[in-house]
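Please read the structure below before turning to the comments.
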C-alpha cells in the first residue's frame, strides 16, 4: 500500500509529539538502570580494547611475516616462473597465515601463486591500489575489504614490496585473507560475549561495512542497525537496545565493536510507554488532522514538480513546467533538477562525440537485439549507412559460408541475455572487400533486468595476416631448432667439433671459426672429467647409447676465461653412415644454481622467523609424527625440539590434550581446515589455546601432513568470565540478583534431595518502603535498602545465600537445616537486627520487615513450588500486621 507524503508528515509529526510525552514520563524509569549499564559498558570497553590490541598484534604479525618473506624473495629473478613458483612454495610457514600467496612482478603480472593456480598466472594487477602503493611507496599496506573478481569471495589483501639489493622494487608479494574462512578474523567473529553478544569488525569512514561478523552473509555489507553506536546513529536507525563499544585498530583503518544486548542484563521497562500510549491517542488524532491540512497547502509546488518529472519520463522536451520560481526548498530542488537535466543532455552529446571519435566500431541494441545506435567507425568498417545499420542490414554482409551460424549465435546470446564474442568474416557494403572483424557485446542490466546490449566491432584483417605470417616463420624455426633451445654442439667420433651455434659462442666465449675441427676435450671439458668423457664419447659413437642420450644430466664445462660453467646436458645420437654423431644441447644453469642456493638460504631465514613469533607453530606428517616445532614449544613446555621430532603426537603431549586435538587432527588429515579451542597445562601453566589445523596438500591433492598454529587466548577467556560474573550482581547492594538467585535455588533443591536434609526459602520486604520513598526521596530509599541488606547479611551463615530480587524484595536460601525451627530462629534474629534505628544523614528511621518462610523436606519440589510457598507465607505475615514472620512447611515425597 502506497502512502502520500502528506500522510507521512502528519503521522511523523503526531508520532513525534507522542514520543516526546512518553520520553518525559519514562525519563525517571530509565535512570534506574543507568549506573548498571555504565558499569557493564566500562567493563565491555576494557574487553574491546584488549581484544582490539590482540587483533592488531595478530595483523601486525601477519604483515611482518609477509614483509620478511618478501625480503627473502628480493634476490630472485621474478621473470623466471619456475624460480618464482619454487620461491613461493618455500614460504609454506607464511602460507599457513594466509588463504593464499601471490607473487607479482613490477609490471603487475602474476608470476606465481600458492596454492598453485595456473589460471591466475599472467593476470595483470597493475590497476590495484594496494599493488601501486606497495610498488611506488615501497611500504607494505592492507587493502580495503573487497570481493574477489575470480572467486567472488570477500577478501582482505596484504601487499609487501619485494626490494632488490639496490633497494628498488622488483615485485610485490600479496597475502590473501578470506573473510569467510577461519583465520585471525574468523576466530574473532566466533568469539561470544556473554550468551548473545558478539564482536564485529567494520571499516571506518562515512559508509562503514563489515569486515568480520558472526553471520558470514553480512561480510562486506553496510553496518546493520543492531551494531550502531549512539554517536554514529543520528538517524535513529539503531536496532534493539544494546551496549556497543568500539576500539580503533592501530594497524589498519578498521574498528572493533563489541555488541551486548541490554535484554541479557536488564529487564525492559515498558509500563510508562503503555500509559503514554493510552493517554495520547486522542491528542494524536486531533494533531494529525491539523498537520494534514497544513501539509496539503505547503506541498502544492511539490505536486507540480512531480507532474513535470512525469512528463519528462513520457518524452517531453526541455524546458519543463516546474515550480522554479518558488522561494523555498521545493523551488531549490526544482531549479537544481532542471539544471541537472540540462547538464545530462550536454553530457550525452559529449559521449556521442567521443564514441564517434573511437577507432572501434561501437553499437547499442535494445533487449531484442535491434540496433539503436552506431558510431562513425562502425559505419566505416561495414560500409553501411546509418539507416542501413538501424535496419539490421549487417546480416547481409556476412560471409555465406558461416552466415547462418553467425546469426544463430547472435540470436542465442540475445535470448539468453549473455555476452556475445565472435570473430566473423564480412564483405563490406559498397566495394565488397572482405574484412575480418572481432565483435563483442555485453548485456546492460538495470535493476536486474536486461535493458539492451552494448558492443564493439574491431577490424582485425591486418592482425590476422600478420599472425599467419608469424605462424609460418615459427614453424620453420621449430623445424631447425627442435632440440636446440640453448647452446648446440655437434661432435664426431674423433671428438672434433663439427657444429657450434651462436648460443654456444655466447655461452662459452669462443667463436664458431675458432672451435670447428678442434677436439672438444681440449677447451670444453674440465681436466678432471677427461677420462669419463672419453669413455662416454666412445660408447655413444659406437652404440648410440650413453648416460646423457635422450635424458638430461648436469655437469661443468669450461668458459674461454677458464671458469667452470654448470650446464644441463642432453644428447641426441644420429648415425651418419659410419658412426654416431653426438649432437649435444647445453643449457647454462648458472642462475638456477644461484637461485637454488638463495632458496636454501631463504628457507633458513623463514624458519628463523617462525621461531620468533608468539604462536606455537608445528607440523605433523600423515602418520601424525611431529616433524617441526618452533621455539615457542620450548618456551611453553620446557622441552627441546630434538626430544619430540619424529615421535607421534600422542607421545609428545598429555593424553587429555591429545583427546582434545584428535578429532581436529583427523579432520585435517582428510583435507579439511579445522579451528577449535582447548585447554593445556603444559609446563605447569594452564592455558586456553586457540588451534588452527591446515592440511599440507601435494600437487595431486594428497594430504602430506598438517600445519598447526596454536595461540594462547587465556587473557580473553578470563575477561569473559569476569563479565559473566558481573551480570549476576545487584549493583545497589552488592548482593546476588534475580538471575543468580534462580540458578542457586535450583542447585540448593538438588543438594537437599541428595543429602536428605531440609532447606528453607525466606521471602521478605521492607514494610512501608513506598512511603519512605515518597516522603524522603529515592536517594534515602536506596540507603535504606543498602543498610537493610547489610543487617540481614549479619544474621545468616556464610554458606547461606541472600539475594535482592527487585525493589525492596529480598530472599534468603538456608541449606543443610537440622529442623524447621532453625529457619524460624533466623527469622526472629533478622527481626531483632532491624529494631535498631536506621541513621541516614539527618534522618532517624524505624524500619521493619515482613518475612515469609517456606521449609521443604522432600525431593519432588520444584523451584516454582518453593517460591510460591514462600510468597504465600509472606502475605500471611503481612495480613498478621507486618513486622513479623510466618512459616509454612512443604513436604515432598522423598523415597529412601
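Any read-out appearing in this document is the output of simple, stated calculations on the displayed coordinates, not a laboratory observation. Note that the coordinates shown come from a computational prediction; the quantities given were computed from them, not determined experimentally. Note: ideal-geometry Cβ built from the backbone for every residue, glycine included; neighbour counts use all protein chains shown.
Of note:
- Rounded tilt (10° steps) of 778-793 against the dominant C-alpha axis of the chain: 90 degrees
- The gain in end-to-end length when the residue 364 to residue 207 segment is fully stretched comes to 53.1 nm, 0.36 nm per residue minus the alpha carbon separation.
- Calculated FRET efficiency, residue 372 to residue 679, Cβ-Cβ distance, R0 = 60 Å: about 0.30 to the nearest 0.05.
- Applying 0.36 nm per residue to the separation of residue 743 and residue 53 and subtracting their alpha-carbon distance, the gain on full extension is 244.9 nm.
- Subtracting the Cα-Cα distance of residue 793 and residue 165 from 0.36 nm times their residue separation leaves 218.6 nm of extension gain.
- The packing ranking, built from the mean of other Cβ atoms within 10 Å per residue, places the peptides 167-180, 191-204 in the order 167-180, 191-204, highest first.
- Rounded to 10°, Cα long-axis angle of helix 300-313 versus longest principal axis of the chain: 30 degrees
- Cα principal axis extents for the chain, largest first, Å: 133, 89, 53
- Under 20 Å from the residue 493 label point (7 Å along Cα→beta-carbon), backbone N, segment 501-543: 517-521, 533-543
- Spin-label model distance (nm) - residue 132 vs residue 880, 7 Å beyond Cα toward Cβ: 8.6 nm
- Each of 765, 431 was scored by other Cβ atoms within 10 Å of its Cβ. Listed from fewest to most, they are 431, 765.
- Degrees separating the helix 863-879 axis from the principal Cα axis of the chain, which is the longest one: 30 degrees
- Ranked 51, 799, 382, criterion: other C-beta atoms within 10 Å, fewest first: 799, 51, 382
- Estimated FRET transfer efficiency when R0 is 51 angstrom, pair residue 344-residue 77 (beta carbons, to 0.05): 0.45
- For the chain, the mean residue ellipticity at 222 nm estimated from helices alone is -13500 deg cm²/dmol, where every DSSP H run of n ≥ 4 contributes -39500 (n - 2.57) and the total is divided by all residues, rounded to the nearest 500.
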